[in-house]
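Contents: one structure, followed by commentary.
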Amino acid sequence: MSDEAITDRKGGPLTRISDTLWRKPKLLIFLLILPPTLWLGIIYLGSLFALLAQSFFSIDEFTGIIQYELTLKTYGELFRPSNFDIIIRTIVMAMSVTIGAAIIGFPVAYYAARYARGKWKAIFYLGVMMPLWSSYLVKVYSWKLILAKEGILNWLFETLHLGWLLNAYLSIPIIGGNSLSVSSTGTFLVFLYVWIPFMILPIQASLERVPHSMLEASGDLGARPVQTFRFVLFPLALPGVIAGSIFTFSLTLGDYIIPQIVGSSRRFIGQAVYAYQGTAGNIPLAAAFAVVPILLMAVYLWIAKRQGAFDAL
C-alpha cells in the first residue's frame, strides 16, 4: 500500500472531506445541484433575461439601428392591427388545437386506462409514441401532400362524390382556402396530429388513478353514464387534461414550421419572431413577440398548478 493511501486512511484530506459531507448531508446536496443550477441560471434564465432586455429597446425607423434606451415603444407596436391580429390568431389556433386534442384524446386514453391489458396496452403505447419517432419535417411535408388539391384526401372526397361538400367548406372565409393545404383548417389538422400524443398520455395516466369502484358506486346510486362522466370521471381526470393542454397549448404557441409549410399566408407568433429577427433585422420587436408566449404560459401554468395538473405529469 502506498504512503499516500496510508496517510489518507489515517486522516488525510479525502477522509476529512468525506467525513464532512457525511456529517452535513445538506452540503452534499448543495454541491450536487450547484452545477445544474448554474447552468440553468446562466444559460437558460440568462438568455431569457437578455431577451426581455432586448424587448425594451427600439429600432430607428430611418436608419434601422437599435436604440439602446429603455422604452415601451416596441411593446406598443404589438397593438398595431397587423401585429395584434398575429397574436390573436396564434392564441385562437392554440386553443382550438388544445380543445380538439382533448376531445379526440380522451376516449383513446379512457380505453387504454380501462380496457387495454397486457400486449394491447403495449400496442397502445407503441401506436401513440410511434409518430414521435419519425422526423418532424417528414410528418409535416407528408401532411402537406395529403391535404393538397391533388392529395389523397381530396381524391377520397371526389370518389365519394362529396367534392361539392369540401369545396363549400373551403369557400368559408378565414378557415377555408384554395385547398386544405393552404387553409387554416389544414394548419389545425397538422398541429392536432403532431401534438395529440402529448395530450393522450397525461389523460391516460390521470384516468388510471381513478378507482373503478367510484364509477360503480355512481351507477349504483342511480346516475346515468352521462352523469357519471360529468360529475365523477371528468372532474377526477381534469388534472390530466390540463397537464396535456400545457404541452399542446405551449407547443402550438411557439411553433413556426407548421404554419410556414401548411396553411395560408397569415402569420403566427413564431413566424413573426423568425421574420423580424432575420430578414427584417428588428430584434426588439422580435423579442417583444417572443415575450408574449412566455407571459401567456406563465399565467396558464399558474392556473394549471392551482388545478393540480402537475400531479398528472
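The values are calculated or read from the model by the stated rules, or taken from the named source; none is laboratory data. Small disclaimer: the values here were computed from a predicted structure and weren't measured. Neighbour counts are summed over all protein chains in view; Cβ atoms, including those assigned to glycine, are modelled from backbone coordinates with ideal geometry. Note: accessible area is taken over every heavy atom of the protein model, side chains too, but ligands, DNA and RNA are not part of it. Shrake-Rupley method; radii C 1.70, N 1.55, O 1.52, S 1.80 Å.
Rolling a 1.4 angstrom probe over the chain with all protein chains present gives an accessible area of which 70% lies on carbon and sulfur atoms. Length gained on full extension, residue 209 to residue 133, computed as 0.36 nm times the residue gap minus the Cα-Cα distance: 24.6 nm. Report the paramagnetic label zone for residue 234: residues of segment 93-130 whose backbone N is under 18 Å from a point 7 Å from Cα along the Cα-to-Cβ axis. Inside the label zone: 96-111.
Taking the Cα centroid of segment 203-221 and of segment 94-159, what is the distance between the two, rounded to the nearest whole Å? Value for the Cα centre distance between the two parts: 26 Å. Using R0 = 25 Å, the C-beta based FRET efficiency linking residue 53 and residue 297 works out to 0.80. Scalar couplings 3J(HN,Hα) for segment 150-164, obtained by applying the Karplus form with A = 6.51, B = -1.76, C = 1.60 to θ = phi - 60°, are 9, x, 5, 5, 5, 4, 5, 4, 5, 5, 7, 6, 10, x, 4 Hz; x denotes Gly and Pro. Summarising the label geometry, the points placed 7 Å from Cα in the beta-carbon direction at residue 216 and residue 167 lie 5.8 nm from one another. What the chain shows is 61 Å² of accessible area per residue, with the surface traced by a 1.4 Å probe over protein heavy atoms. For the chain, the number of Lys pairs with C-alpha atoms closer than 28 Å, counting only pairs eight or more positions apart or on separate chains, is 6.
Between the amide H of residue 58 and those of 67, 69, distances stay under 5 Å, these residues lying 5 or more places away or on another chain, with hydrogens modeled in the peptide plane.
Counting charges near residue 86 (Lys, Arg +1; Asp, Glu -1) among other residues having Cβ under 12 Å from its Cβ returns a value of +2.
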